[in-house]
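Below: the structure, in structure tokens.
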Amino acid sequence: MPEDLIKREDAAREIELVSRRLGLLHLAFARTLMDEFGEEVGRRLVLKAIKRYGIMIGEEVKRAVQADGLPLTPDNYGVGKGRSLPEFGMQERSEELEVGGEKRSRAYGCVMAKVWKEYGEDKLGRLYCYVDPAKYMAYNPNYKLAHVTAIPDGSPYCEFCIKETTQQERDDFVSPDADWDYIDRCTNA
């Protein structure tokens, strides 16, 4: 095989290794904040950092989608140059489905969730998952990608929905001090 080609399963394994490291990095930073500042302040700081991280991702996707001349709609998030996640290696598999007339997506076998479970830190790892509504709202504040279920919460898969945001959600998201973690629900406030 030519050196510039790699088998898909080998590439997936390499991405899985990076995903494990990302899961461990999150745990290390989050646990340090919790230990140094206590559960309440530490949790708030972790969520503040995750929101900043999500905003960085969402703005990057937004620039890519706009560069492609596409509108900032949910259908264009993650299309073409605007993709924010690898197609394989971060989870075992994913699927699109319809539940009660609503489009949803499911991800099975999240590598980071496996790491968090191995370390007995599902709850702390779950704070990372708030990156999903944050990145989506940074892309277009009128929409959120929220969890119906999440593996670190005990589900066998993560299930996501896309919902229009309320004015309150948009206001709380841009506020530097407002609680915003309630946004990660598939019902609007």
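The values are calculated or read from the model by the stated rules, or taken from the named source; none is laboratory data. Here the structure is a predicted model, which is why all the values come from computation and not from measurement. Because the Cβ atoms are built from the backbone with ideal geometry, glycine has one as well, and the counts that use them run over all protein chains shown.
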(message) Just the residues that are in contact with a Ser or Thr (Cβ under 6 Å, 6 or more places away or on another chain) and of a type in the set (Val, Ile, Thr), please, taken from segment 134-189.
(response) THR149
(message) Give me the residue from segment 92-130 that is hydrophobic (A, V, I, L, M, F, W, C) and farther than 13 Å from GLY23 by Cα and, out of that set, surrounded by the fewest Cβ atoms within 10 Å (Cβ to Cβ).
(response) LEU97
(request) Please work out if ALA12 is under 20 Å from the mean Cα position of the chain (by Cα) and within 30 Å of ALA178 (Cα to Cα). (result) no
(message) Go through (1) of a type outside the set (D, E, K, R); (2) in contact (Cβ under 8 Å) with a residue 12 or more places away in the chain; (3) out of contact with any His (no Cβ under 9 Å at 6 or more places or on another chain) for ALA178 and report which single condition fails.
(response) (2)
(message) Every residue in segment 148-175 that is more than 21 Å from LYS103 (Cβ to Cβ), without any contact (Cβ under 8 Å) to a residue 40 or more places away in the chain and not polar (S, T, N, Q), please.
(response) PRO152, ASP153, GLY154, ARG170, ASP171, ASP172, VAL174
(request) Name every residue in segment 171-182 that is closer than 13 Å to LEU145 by Cα and either at pLDDT 95 or above or loosely packed, with under 15 Cβ neighbours inside 10 Å (or both), in order of residue number. (result) TYR182
(request) Kindly list the number of the only condition in (1) on the phi > 0 side of the Ramachandran plot; (2) in contact with a Cys (Cβ under 9 Å, 6 or more places away or on another chain) that fails for TYR157. (result) (1)
(request) Identify all residues within segment 96-112 that are in contact (Cβ under 8 Å) with a residue 12 or more places away in the chain and either among the charged types (D, E, K, R) or within 12 Å of HIS147 (Cβ to Cβ) (or both); write none if there are none. (result) GLU102, LYS103, ARG104, SER105, ARG106, ALA107, CYS110
